[in-house]
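Comments concern the structure below.
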Amino acid sequence: MNKKRRNFLKLSGVTAALITSNTNLFANEDSISFKKDENKISYPMERSGARGEGSWRRISWDEASQKVAQKIFDVMSDPIRGAKRLMVHSANSTYSKSHSIASERFCRQLGAIRFHPKSYTSDMFSGAVVAYGDGNIGCSDDFLYGTDTAVMWGVEPSASNAIWKNRHENVKVIVITSQFSASAASADLWIPIKHGSDSTLAMSIMHVILQEKLQKTEFMKLFTDLTFLVDIETKKMIRRSQIDGTADKDEFYAWNKESNSPTLMPGTKGSKHKTLRLKEFKISPALEGIYEIEDINGKTVKVTPAYELLKESIAKFSPDATQIVTGVAPSVVRELAINIATPKVVEITTGSSLSRHFNGLMTIWNIASICGLTGRMGPYGGLNTKNEFTISGLESIIGFNGKYNPRVNSGFIDSYIFSNEAKIFDKYFTDSDVKRAQNSMGKFEYMQIINAMLRDGEHGKNERVKPWFEPDTAIIVEDENFNIDLLRKTKFFTYVGSKIGDVAMQADILLPSYSEDEVYDIKLPTNSNRSAKLTRANSNISNINESKDQWRIFTLIAQKLDAIANKKENIEKAKAKDDREYARNGYHDLANFYKEYTNTDDYSLENSEPTLATDRLALEAVLKSCDQFKPWTIEKMIMTGGFLQINETAGKSSPLYSDRPYSSFENSLYKFEPLKTVSGRQTFYVDHPQYIRLGAHTNRAMADIHNEDEKYPFMMTSQKVKKIDKIPYVEINSQTAKAKQLQDGDRVRIFNQLGEFIAITKVSRLIRPKNIILQANHNKLIPQTLNLLEMADGWGHLKFGLSWDGNRHQYNSKINFEKIPEVKDE
Amino acid sequence: MSKVALLISILLFTGTLSNAKDDFKKTGFFTNSDCAKKTNFKDCSLDSYSCGYEGCFKEYEPTKRVNENFILYVHNEGKYYEVNTSAIRRSLLDKIINKNEITLYGEYNVTNNIIILHDFK
C-alpha cells in the first residue's frame with residue numbers, strides 16, 4: 001500500500017491487512033489476468049472511528065451479516081419506521097441480467113426503498129418518454145452503417161466510437177456538439193452549436209422542414225397525435241368525457257373529413273380498438289383548420305388539430321431568428337434539415353448529456369418531433385437513445401408472483417432534498433435566470449410549485465406526484481456516486497462492493513463482493529444487435545480474499561434475518577406490516593425470509609421455481625426463465641466462446657431478425673400497433689397543466705438555466721467518469737489557459753457563489769474558450785435543479801414508474817478559476 | 001309458423017351454411033408470397049407485407065401500401081395456399097402475420113388454390 005493510500009485509510013486496533021495492496025485475480029470470459037488494485041475491499045469490516053474517517057476493524061462474515069440482519073429486523077419490525085425507512089440500492093451495470101438482481105430481489109421482498117435506476121444517474125431520456133412512452137428506443141449499432149445520414153447529437157466521443165470503426169463511406173455523418181472532438185473531426189459536417197441551445201436548433205430544423213414542405217403528412221396523420229383536437233381557448237385536448245360524459249379520460253377526437261364531424265380516434269389508451277388503422281373506421285383526419293364542436297353541456301367549443309398549434313410554435317424559430325442563440329448559420333440549418341428530411345434512412349443518435357441540461361427533456365422531445373414530421377420509424381430510422389431489448393423472464397426471478405412489489409423512489413428528487421438544494425437554488429439563481437429558462441415563470445412561483453410537490457410526494461402519499469422517502473437504514477451496492485449527504489443522515493449503512501471510495505468510507509459495515517467480471521453473469525449491452533456475453537467466476541479467487549458474489553451475500557443476510565425473526569422474543573414481530581401496494585398480504589414474512597428468498601418455501605417448491613442462492617444458480621435460472629435466452633445453457637455458452645445469441649422474442653417494438661439490424665417501431669409502422677403513449681401515437685401535444693402553464697404543451701425551444709453574474713464567465717460541465725480521483729482534472733481551452741498562464745498539471749482554484757475546490761489543469765484545444773469540463777460526476781459548485789416538465793406526473797403515460805421520472809441536471813454552473821501556487825506533495 | 005320458430009329455423013339454416021363453408025381448415029405459417037417463395041419462415045421482414053417484397057421500403061414511402069397478399073404455408077403438406085382475406089377486418093390479421101401454427105377456416109377454391117378466409121385461430 002502506498003503512502004497516500006495509508007493516509008486515506010487509517011487502519012486501527014486489531015486490523016489486519018484489510019485492503020490488499022498488490023493483486024487480485026480478475027476473471028473475464030475465458031481469460032484470467034492479474035490486475036493491480038489498491039482499492040479492493042477484501043474482508044468484511046466494521047467502522048471503528050467516526051464516519052468517513054476510514055478506521056476499520058476486520059470482522060467475520062458471520063458477525064457482519066448478523067449485524068446487518070439485526071438492523072434490518074429492527075427497522076422492519078418497528079411499527080412507525082417499517083420498510084419505508086429501509087433502502088436497498090444497487091448501481092450494478094444495467095447490462096447485468098443475473099448477478100445484479102440479487103439485491104433487487106432482496107429489496108422487493110422487504111418492500112425497501114429502491115432508487116429509480118436511471119433517473120439518479122441522469123440517464124433517463126425523459127423527452128423520448130414524452131414522445132414515445134419509452135425512453136430507451138433506437139437501433140443496434142449495425143443499423144447505423146446502412147443509413148443515408150447518421151446524426152450524432154450531443155453524443156460524447158467515446159460513445160460514438162463504434163460508428164467510426166465500421167463506418168460505411170456512403171453514410172453521411174453529421175456531428176452536433178458544442179465541443180470539438182475526434183468524432184467531429186471525422187464527420188462530413190460538424191455543427192459547433194452554442195452550449196445548451198440544442199432545443200432551439202431542433203425547432204429551427206423543424207421550421208425549415210415545414211417551410212420547404214418536407215414533412216410527411218400521411219405519416220403524421222397515422223402515427224402522431226397531431227390530428228387530435230385541442231380547445232383553442234384552454235389548450236386542453238378534447239376528451240370523450242367532455243363530449244358525452246363517459247368517465248374514461250383517455251379517448252380523444254380528431255376532425256373526420258369524410259363525415260365532416262369530430263370522431264373518436266382508435267388506438268388511444270382508452271379506446272377499445274387497439275389498432276392505428278384508420279381506414280377501417282372510415283376516418284380521414286384533418287391536420288389543419290378550425291372547427292366548432294358541442295360539449296356535453298351544449299356549449300360550442302372552438303377546436304383545432306394539435307398540428308396548428310405546433311406550426312404556430314415553430315413559426316417563431318426561423319433559422320435567421322435562432323442564429324444568435326445557437327451560433328449556427330441559417331444556411332447550415334437548411335443543409336441540416338434537408339439532410340435529415342429527404343434521404344430514405346436517417347438515424348439521429350442522442351447522447352445522455354443532452355438530458356443533463358435543465359431543459360434537456362424539451363431538447364430530446366424536439367429531436368423526436370423532427371423524426372415524427374419526417375416519417376422516421378422502423379427501417380426509415382428515427383431517434384436513437386439507448387435501445388434496450390425485452391428480457392421478459394427476469395421478473396419471475398426478481399419478483400414473488402405479485403406477493404411483494406417494488407417501492408421505487410424518484411431518483412432525482414432525493415439528492416435535491418437531502419443535499420439541501422432548494423436553499424442553494426434560492427441562493428444561486430436570480431428571478432431573471434428562472435424566467436429565462438421557464439418561459440417567464442418567476443422564481444417565486446417556480447419554488448412554490450416545487451415545494452408543494454415535494455411536500456405532497458413525501459413517502460409516496462399522493463399518487464399524482466413523484467414519491468420520495470427518507471431512509472434511516474441502508475444497504476448500498478457498488479455505487480461510488482451515491483449521494484453522500486443522504487447516507488450521512490442514515491442511522492446505519494452497509495456498503496456492499498468490490499472497491500473502497502468516498503461513499504464506502506461512510507459505511508458502518510463493509511461487505512466485500514466480487515466485481516462484475518469475477519462472477520457468473522450474463523450481460524446484454526444496449527445497442528448490441530443480438531449477442532449477450534457470459535462472465536464466470538474462477539475458483540482461485542477465493543484463495544486471495546473473502547469476497548463473495550452478491551447472491552451469496554444476500555442469501556447469508558437472509559439466513560440471519562430469518563433466524564433473528566424466529567427467535568422466541570421476536571416471532572410476534574416477524575410479520576412486518578406494510579401497505580398492500582407493496583405486500584399483498586399486508587406484511588413481509590420475516591420468519592420465512594430465507595426460504596422465500598432462495599425459492600425453497602412451500603409455494604416455490606410446489607411450483608418448481610428455481611433455487612436461488614449463488615451467482616451460478618441465478619444464471620441458470622435466468623437462462624431457463626427468459627424466453628429470449630432459449631435454448632442456451634452455461635455449458636453451451638462456454639463452448640461457443642462465452643456468448644449467446646438472443647432470439648427473436650427480444651424485440652421490443654420491432655422484430656429482432658437474425659440477419660438484419662434492429663430498429664424500433666416496425667410493429668407500429670407495419671402492423672399498426674399503438675405506441676405506449678396515451679394517444680397510442682407519437683406525442684406532439686401534452687395538456688398537463690404544468691406544460692400548458694409553461695407554454696410547453698407542444699414543442700418549443702427552452703433555454704438552459706444559469707447565473708449571469710459576470711464575475712463567473714465560464715460554463716462548467718461535468719463529464720461522467722468511472723474512476724474518481726481525489727483531486728479531479730479539469731479541461732481548459734488552450735487559449736484561455738495561456739491567458740491565465742496555466743499549463744498541464746497546474747493546480748487551479750475553481751470558484752463561484754457556492755464555494756470553491758481545487759483541480760488539476762488539462763489543457764485542451766478541443767473545447768470552447770468559455771467552457772471548462774470537470775472530470776467528476778458531481779460537484780458542490782453545480783447546483784441541482786428540478787425541472788417542472790419532468791416533475792409533472794399523473795398524466796397519460798407520464799406517470800411515475802420505471803419508465804417515467806426525471807434527471808439530475810449538471811450543466812447549470814458558471815464559475816471562474818485562477819492558478820494557485822505549486823504545493824509540493826509530501 | 002310463429003315468429004320464434006321462424007327465427008330458430010333461419011338461425012339453424014345459417015348455422016348449417018356457415019359450418020359448410022368453414023369446413024375447410026388448414027394450419028401453417030401465415031406469410032406473404034415473397035417470403036414464401038424464399039422459404040423465409042422466421043425472419044420475414046415486415047415491409048414485405050406493406051409493399052410486396054423484403055427491402056421494398058427503399059422504393060416506397062413509409063405509409064404506402066401496395067401489393068398486399070397473404071399465403072399460408074402448410075408444413076406437413078409442403079404446400080402453399082393463397083388466402084383471400086377480404087371478409088376479415090385487416091387489423092385482426094396484424095396479430096397473425098409472420099406466425100406459425102395459425103389455423104385458417106373458410107372455403108377452398110381448388111381452381112385458383114385460394115382459401116377464402118372466414119375465421120382463424
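The values are calculated or read from the model by the stated rules, or taken from the named source; none is laboratory data. Everything numeric here is computed off the predicted structure, so don't read it as measured data. Positions of Cβ are generated from backbone atoms using ideal geometry, with glycine treated the same way; all protein chains shown enter the neighbour counts. Each accessible area value is taken on the protein alone, full model and side chains, heavy atoms only, with ligands, DNA and RNA left out. Shrake-Rupley method; radii C 1.70, N 1.55, O 1.52, S 1.80 Å.
General remarks:
- Its Kirkwood hydrodynamic radius, worked out from the mean inverse distance over all distinct Cα pairs, puts the stretch A:200-258 at 13.7 Å.
- Using distinct alpha-carbon pairs, which all enter the 1/r mean, Kirkwood radius of the stretch B:49-96 in Å: 12.5
- Principal semi-axes of the equivalent ellipsoid, √(5λ) from the alpha carbon gyration tensor of the stretch A:644-743, are 44, 28, 12 Å from largest down.
- Relative contact order for chain A, counting Cα pairs under 8 Å that sit 6 or more residues apart, in percent: 20
- Pairwise centroid distance, computed over Cα atoms, of the stretch A:253-272 with the stretch B:64-121, Å: 30
- FRET efficiency for A:D78 and A:Q719, using Cβ-Cβ distance with R0 set to 41 Å, rounded to 0.05: 0.45
- Accessible area per residue for the stretch A:732-826 is 43 Å², calculated with a 1.4 Å probe on protein heavy atoms, without ligands, DNA or RNA.
- At least 40 Å² accessible surface lost relative to isolated chain, residues of the stretch A:235-282 (1.4 Å probe): A:R277, A:E280
- Accessible surface buried at the A:B interface totals approximately 2000 Å², computed with a 1.4 Å probe on protein heavy atoms.
- Taking the helices alone, chain A has a mean residue ellipticity at 222 nm of -7500 deg cm²/dmol, built from -39,500 (n - 2.57) per DSSP H run of at least 4 residues and averaged over all its residues.
- Along each principal axis, taking the top coordinate minus the bottom one, the Cα set of the protein assembly as shown gives 103, 70, 60 Å in descending order.
- Whichever aspartates and glutamates have a C-alpha closer than 12 Å to that of A:K221, once near sequence neighbours (fewer than 8 apart) are set aside: A:E288
- Taking label points 7 Å from Cα along the Cα-to-Cβ direction, A:S241 and A:K274 give a separation of 2.3 nm.
- Per-residue average of Cβ from other chains inside 10 Å of A:661-667: 1
- Within the accessible surface of chain A, defined with a 1.4 Å probe on protein heavy atoms only, the carbon and sulfur portion equals 49 percent.
- Given R0 = 22 Å, the distance between the Cβ atoms of A:S658 and B:R90 translates into a calculated FRET efficiency of 0.20.
- Computed over the stretch A:54-98, Kirkwood Rh from alpha-carbon pairs, angstrom: 13.2
- Inter-chain neighbour count for B:56-67: the average number of beta-carbon atoms from partner chains within 10 Å of each residue's beta-carbon is 4.
- Residues of the stretch A:429-479: accessible area per residue with a 1.4 Å probe, Å²: 42
- Stokes-Einstein D in µm²/s, Kirkwood radius over Cα pairs - the stretch A:430-537 at 10 °C with 1.306 mPa s viscosity: 89
- Using a Förster distance of 45 Å, the FRET efficiency for A:R580-A:K630 (Cβ separation, nearest 0.05): 0.80
- Calculated on the alpha-carbon coordinates, the convex hull of the stretch A:742-826 measures out at 151 cubic angstrom per residue.
- Partner shielding of A:214-227 amounts to 1, given as the average count of beta-carbon atoms from other chains within 10 Å of each residue beta-carbon.
- For the stretch A:243-343, the list of trypsin sites (Lys or Arg not before Pro) that fall in a loop by DSSP and count at most 13 other C-beta atoms within 10 angstrom reads A:K272, A:K282, A:K299, A:K316.
- Report note on the peptides A:462-475, A:103-116, B:92-105: ranked by the mean count of other C-beta atoms within 10 Å, highest first, their order is A:103-116, A:462-475, B:92-105.
- Ranked by how many other beta carbons lie within 10 Å on average, peptides A:127-133, B:82-88, A:792-798 from highest: A:127-133, A:792-798, B:82-88
- Longest to shortest principal axis, alpha-carbon extents of the stretch A:337-462, angstrom: 50, 49, 21
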